[in-house]
Amino acid sequence: MRKHLVAPSVLAADFTRLGEEVDMVNRSEADWFHLDVMDGRFVPNITFGMFIVEAIGKMAHKPLDVHLMIVEPEKYIESFRKAGAHVITVHYEACPHLHRTIHQIKETGAMAGVALNPHTPVSLLADVIEDVDLVCLMSVNPGFGGQKFIYQSLPKTRQLRELIDTRNSKALIEIDGGVGLQNAESLLQAGADVLVAGSSVFAAQDPPATIRALKAFEAEFDF
């Protein structure tokens, strides 16, 4: 059985109790913190920037998975790395020079990720799949938490897994949006490696138990 990662999305946390929420994730079986940075331009919402990332990084005992939903991300990669990002993911749709941006991230020492919006086909990554460390498939439209999972993401995950395996890439497949106990096993069977869980964790009656349950799923690829 493959080991998978669980990355609670801090966007869904109670920011009036941020220290407590970070401590809960620290003490849980979660693997990463997932941090969504939104600029109000690439997506219709504004969240937080490198100062909040840095503050969380000072409290976190686990790697920071920073997802940049912003235009011109190449201008801020070094700043987010200095703020504590271990994984930096940029959007395919926001990077006209994607290959250059991927290597800019890797030169900082961070893992380089590329995110795809729901309408963007995985085939567009064919020329860079061997360069990336992670591909984040958006299973909701980016910009807001709490949306319903788009089930077309399941066959899309299988397509991405086939591309990665065919090209002998080491890229992890991350699924972001609407992920919870109801679909985690199906996503893992389709080839996912990292489950980003926001509302399903932080809105749960027992968040650590929900994280434990997400980690407990075991699945082989279903193809």
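Can you tell me which lysines have their Cα less than 25 Å from the Cα of Lys75? Leave out same-chain residues fewer than eight positions away. Within the straight-line limit of under 25 Å, Lys75 reaches these lysines: Lys58, Lys106. Across Asp23, Asp193, Asp176, mean-square fluctuation computed from a Gaussian network of the chain (C-alpha pairs under 10 Å connected) peaks at Asp23.
If you average the alpha carbon positions of the range 1-73 and of the range 92-126, how far apart do those two centres end up, in angstrom? After rounding, the separation between the Cα centres reads 19 Å.
Per DSSP H run of n ≥ 4, the term is -39500 (n - 2.57); total these for the chain, divide by its residue number, and report the mean residue ellipticity at 222 nm rounded to 500 deg cm²/dmol. Result for the chain, helices only: -9000 deg cm²/dmol. Convex hull volume of the C-alpha atoms in the chain, normalised per residue: 110 Å³.
In a DSSP loop and with at most 12 other Cβ atoms within 10 Å, the chymotrypsin sites (Phe, Trp or Tyr not before Pro) in the range 104-156 are Tyr151. Beta bridges per DSSP, both residues in the range 5-216: antiparallel share near 5 percent. Taking a straight Cα-Cα cut-off under 28 Å and skipping sequence neighbours fewer than 8 places away in the same chain, the lysines within cross-link reach of Lys148 are Lys3, Lys62, Lys156, Lys215.
Any read-out appearing in this document is the output of simple, stated calculations on the displayed coordinates, not a laboratory observation. Not measured: the values here are computed from a predicted model. Positions of Cβ are generated from backbone atoms using ideal geometry, with glycine treated the same way; all protein chains shown enter the neighbour counts.
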